[in-house]
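Take a look at the structure below.
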Amino acid sequence: MSAAWPPTEPAEVEITSGDARLAVDLRGGALRSLTAGGGELLDGYAAGTVPRGSRGRVLLPWPNRVRDGRWSWAGRDLQLDLAGPDKPVAMHGLVGWQPWGVLESRPDAVTVGTVVEARSGYPFRLAAAVDHVLAPGRLTVTMRVRNAGDEPAPFGAGFHPYLAVGTQQDGGVADAELELPARTELVVDDGGLPTGERRPFDGAVGRIGDRVLDTPLTDLDRDADGWARVRLRSAALGTLELALDGAWPWLQVFTGDTLPSGQRRRSVAVEPMTCPPNALADGVDLVVLESGADWSGTWTLGWEV
């Protein structure tokens, strides 16, 4: 009988540039920690722990929720696993807990990857790679997806970083100021699922105060370079700017009101997304890749601390 066992210790990879340091969790490929100037720029989690609120998570092959986990494609009725008996939705894709591997690395850059294997609720095979490049004052993240199967594959993608405001206290986002480059809000019900309504949105939020956000946004205002920019200002960290290229037509913004005590309203999740909640079922803004075809999308986080 062999004495061999699979590795059970937490595994991650770190890159650095100047005083900036990024840790990528190889359980799920999540952005676990980003520090610069001695401060945490992302509200992440400790190594080896199970994060709450999908902190730093890669969202693939769908972001956000699918109602009852049910969807159809090419005449097939499909059923995804649900988040729980009290939460009848499929949440945030399939890669958040599976192993990722290091594909390439150098001191200031790393690419990690995984394969989404076909299964009953999602009968498509995708290869996924995420490139991270760290420079003074900037992190650049690119997701690349390839259809590794034999038929067209529909999917959505996203990321779930929580932008820090320099406090670990509940309610710490109140004094931060937020600027969102969006003109339209997708109205959702109490479960975060679309009601079918859209309404105008004023992205000049300003001081967050007691405002509650768990909001899908689209019709993004883009600068001349085609990028949309979110700005979060706090006394402790100055301005964090998250910018999205044209591959991301949606944002979800979440002030953390439903998180457990000790994590509530202490940071703001700004989630680049290719599609809105329930997109697999509704067919809104899905990416469909032919066999062997590729897709990519890039976002950046900039800072001055």
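In the stretch 246-255, how many are assigned to a loop (DSSP other than H, G, I, E, B) and either more than 27 Å from residue 296 (Cβ to Cβ) or open to solvent by 10 Å² or more (accessible area, probe 1.4 Å) (or both)? Number satisfying all stated conditions: 4. Working only within the stretch 84-112, note down all residues that are open to solvent by less than 60 Å² (accessible area, probe 1.4 Å) and either of a type outside the set (Gly, Ala, Ser) or assigned to a loop (DSSP other than H, G, I, E, B) (or both). If the condition is that a residue be open to solvent by less than 60 Å² (accessible area, probe 1.4 Å) and either of a type outside the set (Gly, Ala, Ser) or assigned to a loop (DSSP other than H, G, I, E, B) (or both), then 89, 91, 92, 94, 95, 96, 98, 100, 108, 110, 111, 112 are the ones that fit. Of the numbered criteria (1) farther than 18 Å from residue 63 by Cα; (2) open to solvent by 10 Å² or more (accessible area, probe 1.4 Å); (3) not in a loop (DSSP other than H, G, I, E, B), the one residue 185 fails is (1). Any idea how many residues of the stretch 125-144 are more than 18 Å from residue 31 (Cβ to Cβ) and surrounded by 23 or more Cβ atoms within 10 Å (Cβ to Cβ)? Residues flagged as more than 18 Å from residue 31 (Cβ to Cβ) and surrounded by 23 or more Cβ atoms within 10 Å (Cβ to Cβ) within the stretch 125-144 amount to 1. For the stretch 241-253, the count of residues that are within 17 Å of the chain's Cα centre (by Cα) and within 21 Å of residue 170 (Cα to Cα) is nonzero. When the residues of the stretch 16-52 are filtered to those that are β-branched (Val, Ile, Thr) and either under 20 Å from residue 239 (Cα atoms) or not in a loop (DSSP other than H, G, I, E, B) (or both), which remaining residue is most open to solvent (accessible area, probe 1.4 Å)? The extreme case among them is 16.
Taken over the stretch 285-305, the criterion of being out of contact with any Phe, Trp or Tyr (no Cβ under 9 Å at 6 or more places or on another chain), modelled with pLDDT of 95 or more and surrounded by fewer than 19 Cβ atoms within 10 Å (Cβ to Cβ) is satisfied by 290, 291, 292, 293, 294, 296, 302. Screening 102, 13, 66 for residues that are under 19 Å from residue 254 (Cβ atoms) and modelled with pLDDT of 95 or more leaves exactly one candidate, 66. Out of 202, 210, which single residue is more than 30 Å from residue 148 (Cα to Cα), out of contact with any Gly (no Cβ under 9 Å at 6 or more places or on another chain), of a type in the set (Asp, Glu) and not in a strand (DSSP E or B)? Residue meeting the stated conditions: 202. Would you mention how many residues in the stretch 256-284 are polar (S, T, N, Q), assigned to a loop (DSSP other than H, G, I, E, B) and crowded, with 24+ Cβ neighbours inside 10 Å? Summing the residues that are polar (S, T, N, Q), assigned to a loop (DSSP other than H, G, I, E, B) and crowded, with 24+ Cβ neighbours inside 10 Å in the stretch 256-284 gives 2. Each residue in the stretch 53-83 was checked for being open to solvent by less than 80 Å² (accessible area, probe 1.4 Å), of a type in the set (S, T, N, Q) and either assigned to a strand (DSSP E or B) or free of Cβ contacts under 8 Å to residues at least 24 places away in the same chain (or both), and 1 of them qualify.
The residue pairs whose first member lies in the stretch 29-51 and is over 22 Å from residue 94 (Cα atoms) and of a type in the set (Ser, Thr, Tyr), whose second member is modelled with pLDDT of 95 or more and assigned to a strand (DSSP E or B), and whose beta carbons are closer than 6 Å, counting only pairs six or more residues apart or on different chains, are 35/21.
All conditions but one from (1) touching a strand residue (DSSP E or B) at 6+ places or on another chain (Cβ under 9 Å); (2) surrounded by fewer than 22 Cβ atoms within 10 Å (Cβ to Cβ); (3) not basic (Lys, Arg) apply to residue 3; the one that does not is (1).
When the test is whether a residue is open to solvent by 50 Å² or more (accessible area, probe 1.4 Å), touching a residue at least 60 places away in the same chain (Cβ under 8 Å) and not in a strand (DSSP E or B), residue 150 passes it.
The values are calculated or read from the model by the stated rules, or taken from the named source; none is laboratory data. Here the structure is a predicted model, which means the values were calculated and not measured. Every residue, glycine among them, receives a Cβ derived from its backbone with ideal geometry; neighbour counts consider all protein chains shown. For the accessible areas, the whole protein counts, side chains as well, though only heavy atoms, and no ligand, DNA or RNA atoms are used. Shrake-Rupley method; radii C 1.70, N 1.55, O 1.52, S 1.80 Å.
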